[in-house]
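Here the structure comes first, spelled out in structure tokens, and everything after it is commentary.
The values are calculated or read from the model by the stated rules, or taken from the named source; none is laboratory data. All values reported here derive from a predicted model rather than from experimental measurement. Here the Cβ is made from the backbone with ideal geometry for all residues, glycine too, and neighbour counts use every protein chain on show.
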Amino acid sequence: MKLLIVEDNADLLDNILTYLKREGYLCETAQNYDEAFDKIMSYTYDVVLIDIMIPGGNGLQVLRELKSVNPETGTIIISAKNSLDDKVQGLELGADDYLTKPFQLAELQARIKAVNRRNNLGGTEIVRVNEISINTKTMEVTADDTPVDLTPKEYELLVYFASNKNHVLSKQTIAEHLWGDYVDHLDNLDFVYQHIKNLRKKLVNAGAQNYIESVYSIGYKLNTTPKTA
Amino acid sequence: MKLITKFLLIYLLVSLIVLSIAGVLSYYIIKGEIDKELQWEFLDRIDRVTYLMEEGKTFDANEVNSDENLIIKPLNEYRKNDIRIADTLIWDHRLEQEERNVKVSAYRNIGDTTYYISTYGNMIESDDITEAVVTILLWILGMQVIGALGIGYFVSGPLFKPFRNTLKRIQNFKLNEKEYLKAEPTNVSEFNDLNIFVEEMTKKAVSDYKNLKEFAENASHELQTPLAIAKGKLELLAETDLSAEQFKYVENLERTVKKLSRLSESLALLTKIENHEFENSQEVNLSGMIKESIDSFREFTDLHELHIDTDIADGVVINIHPVLADILWTNLYQNAIRHNIENGSIRIVLTDDTLSISNTGKDLDFDPELLFERFKKGDQNSNSIGLGLSIINRICDQAGFSISYTTEKGWHSIQITLKSVKTG
């Protein structure tokens, strides 16, 4: 997958690049409006990440230009403003998703994959984790052709893990992804464990290996090469 | 009371006092002048009678009796010539009352007989003087009232028009419209000074407000990028080979960063509400919103085994910005869940004009209303940022709802008096 990241902050750019490069993505960067304009006009990308506040112009303008030359490119807006107006405007201009700073890198990666599936793969991509396959269109999950019956939350959890294979996801990250602002005021994140326990049980019962590892019981990781006991 | 009314009342009161004093003075001055004139006339009369008697004229009884006001009596004893002036009360047949008359009496020696000659009368009855004085004063008072009304009309009308205009513009002045009040020229220098002052003051207020707003919003936004960097670095750190202890620190830091970001978002929200940036209210169906939200939070309420008891009237509609309505209710409900106890309860009652939400929880050792202040928390060590109730309070202020917080026997209750919109 070929990505363009329009972001002026070098540290943030470095974080994103480090995280995404492990997936083997081809990442290009632009740190100001002119550079971004130049790149979207010269090359095509699968997904473009655009920060709204960039030197030399507005990210929304980059989005507008991009949509006029390559409307099928997947786009994700990144903004420091949690403002409804910006969000609505961005989505109206054809952005596929909107992410507010500070975001989780795991969350960004999951969104990139989702946007890519929708825009470039016709929404039919089957996500595979060894013997487990997830049909992201019909939301059906099978383990070696045995169907696994999951609740919507468990399904989302599995897709999230599959989007961030071999990455450590903390309970906080998972809770934010699945419940968003609802968990803002909750100290106790035990409900995350409940869902993981159920998901794990259902997958193992369907004949899959136990891929979801607990990391010091604070975070979790989908390990594609588990140490079989 | 209007300034002009007050001014006129004082003016009329002072006029009344002055006129009363003037009336009394007028009465005595007029009365005095008339009495003095009468005395001269009576003395002259006595002198004439004396002269006639010295010339040999005799006044017989009939002649004297026909003039009621003249008394001439020969005395048996000698008295030296003398004049006495006195007031006397005389019965007036026509008025049928006693009248105060001037009486001049004299002893005169004519030949070798001493005569007592006395004459009395009045030119104008004292009632008439009083009547005349009162009539004059009433006329003056009447004209003053008419004058006062005229002045009042003029002052409250054309003269004070620039002042009233300025006042109206100040009343309609809204900071968030970013328009200062430009001074309108008038030919009254005091009003001009006032208008110029108002212009400068509003200009300053508008620019201060703009700066403050920009600062609050920028500060909040500028914080988000470094927080995003810190968050990302922590995620990358978590991927490295960490010991359990190190990983725990990382996880702790992640929570702290999250809290920081929530804090700055909440402060920005509070600033936005206080700056009246959510002015466009719409009709929001509170009943539906509450029911939906109870379902969305079901998982969390079940986790803590909370018992939810509801009595929600259908179709309660309020006029509020939809974003504020959502924040208001979500904050209230999250508070009730968060500060609850295991196996606790939440009671929600919604009627046309009140929303009350109560939850079981720990007792407070201070006045619960203090929780509406920023950063005031029941438990200072809790993970809460202490802005939730401030936000709720501000939203209620803005929507014109009143809110109260009470605690009793382990129950915390928040009651909001709504202004619901009747839908037909």
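At a glance:
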item	result
Output for region B:238-270, where each listed residue is over 28 Å from A:LYS81 (Cα atoms) and buried (at least 20 other Cβ atoms within 10 Å of the Cβ)	B:PHE247
Any hit, region B:188-195, residues being within 26 Å of B:LEU12 (Cβ to Cβ) and not polar (S, T, N, Q)	yes
Tally, over region A:10-60, of residues that are assigned to a strand (DSSP E or B) and farther than 16 Å from A:PRO71 by Cα	10
All positions within region B:223-237 that are among the aliphatic types (A, V, I, L, M), touching a residue at least 24 places away in the same chain (Cβ under 8 Å) and facing chain A (nearest Cβ under 7 Å)	B:LEU227
Pairs, first within 19 Å of B:MET53 (Cβ to Cβ) in region B:79-107, second assigned to a loop (DSSP other than H, G, I, E, B), C-beta under 8 Å, six or more apart	B:ALA106/B:ASN81; B:TYR107/B:ARG79; B:TYR107/B:LYS80; B:TYR107/B:ASN81
Test for B:TRP91: is it among the aromatic types (Phe, Trp, Tyr) and in a helix (DSSP H, G or I)	no
Some residue of region B:234-249 being of a type in the set (Ser, Thr, Tyr), closer than 30 Å to A:ASP8 by Cβ and part of a helix (DSSP H, G or I)	no
B:ARG262 being assigned to a helix (DSSP H, G or I), more than 49 Å from the chain's Cα centre (by Cα) and among the basic types (Lys, Arg)	no
From the options A:LEU105, A:LEU99, A:LEU20, A:LEU49, residue that is under 27 Å from A:TYR220 (Cβ atoms), within 14 Å of chain B (Cβ to nearest Cβ) and touching a Phe, Trp or Tyr at 6+ places or on another chain (Cβ under 9 Å)	A:LEU105
Any chance B:LYS178 is modelled with pLDDT under 85 and at negative phi	no
Qualifying residue in region B:369-380 (condition: in contact with a Ser or Thr (Cβ under 9 Å, 6 or more places away or on another chain) and loosely packed, with under 14 Cβ neighbours inside 10 Å)	yes
Test for B:HIS321: is it in the same structural domain as B:PHE375 (by TED's automatic domain parsing), in contact with a Gly (Cβ under 8 Å, 6 or more places away or on another chain), in contact (Cβ under 8 Å) with a residue 24 or more places away in the chain and more than 30 Å from B:ILE229 (Cβ to Cβ)	no
Out of B:SER296, B:SER281, B:SER243, sole residue that is closer than 22 Å to B:GLN334 by Cα and of a type in the set (Ser, Thr, Tyr)	B:SER296
Near pairs, Cβ below 7 angstrom, 6+ apart or cross-chain, from region B:324-343 (more than 8 Å from chain A (Cβ to nearest Cβ)) to any residue that is acidic (Asp, Glu)	B:GLU342/B:GLU305; B:ASN343/B:GLU305
Flag if A:THR138 is without any contact (Cβ under 8 Å) to a residue 12 or more places away in the chain, surrounded by fewer than 21 Cβ atoms within 10 Å (Cβ to Cβ), within 21 Å of the chain's Cα centre (by Cα) and under 30 Å from A:ILE212 (Cβ atoms)	yes
Qualifying residue in region B:34-55 (condition: in contact with a helix residue (DSSP H, G or I) (Cβ under 9 Å, 6 or more places away or on another chain), assigned to a helix (DSSP H, G or I) and buried (at least 16 other Cβ atoms within 10 Å of the Cβ))	yes
Meets criteria (in contact with a helix residue (DSSP H, G or I) (Cβ under 6 Å, 6 or more places away or on another chain) and touching a residue at least 24 places away in the same chain (Cβ under 8 Å)) for B:TYR115	no
Residue among A:VAL192, A:VAL148, A:VAL215, A:VAL168 that is away from every other protein chain (no Cβ under 14 Å), on the phi < 0 side of the Ramachandran plot and not polar (S, T, N, Q)	A:VAL148
A:ILE54 vs. criteria buried (at least 21 other Cβ atoms within 10 Å of the Cβ) and within 18 Å of A:THR100 (Cα to Cα)	yes
Flag for B:SER220 being more than 14 Å from chain A (Cβ to nearest Cβ) and of a type in the set (S, T, N, Q)	no
For A:ILE132: the one exception among (1) within 19 Å of B:GLU254 (Cβ to Cβ); (2) not assigned by TED's automatic domain parsing to the domain that holds A:TYR19	(1)
Some residue of region B:116-125 being within 27 Å of B:GLY23 (Cα to Cα) and surrounded by fewer than 16 Cβ atoms within 10 Å (Cβ to Cβ)	yes
Per-region count, region A:169-183, residues touching a helix residue (DSSP H, G or I) at 6+ places or on another chain (Cβ under 6 Å) and either modelled with pLDDT under 75 or in a loop (DSSP other than H, G, I, E, B) (or both)	1
Yes/no for B:VAL257 being at the interface with chain A (Cβ under 10 Å from one of its Cβ atoms) and modelled with pLDDT of 85 or more	yes
Region A:141-158, residues that are part of a helix (DSSP H, G or I) and surrounded by 16 or more Cβ atoms within 10 Å (Cβ to Cβ)	A:LYS153, A:GLU154, A:TYR155, A:GLU156, A:LEU157, A:LEU158
Residue within region A:82-97 that is in contact with an Asp or Glu (Cβ under 8 Å, 6 or more places away or on another chain) and not in a loop (DSSP other than H, G, I, E, B) present	no
Single condition B:TYR209 does not satisfy, out of (1) closer than 24 Å to A:LEU108 by Cα; (2) in a helix (DSSP H, G or I)	(1)
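Table: residues versus (1) within 19 Å of B:LEU223 (Cα to Cα); (2) β-branched (Val, Ile, Thr); (3) surrounded by fewer than 17 Cβ atoms within 10 Å (Cβ to Cβ).
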site: A:LYS2; (1), (2), (3): no, no, yes
site: A:ASN15; (1), (2), (3): yes, no, no
site: A:LEU20; (1), (2), (3): no, no, no
site: A:CYS27; (1), (2), (3): no, no, no
site: A:PHE37; (1), (2), (3): no, no, no
site: A:SER68; (1), (2), (3): no, no, yes
site: A:THR73; (1), (2), (3): no, yes, no
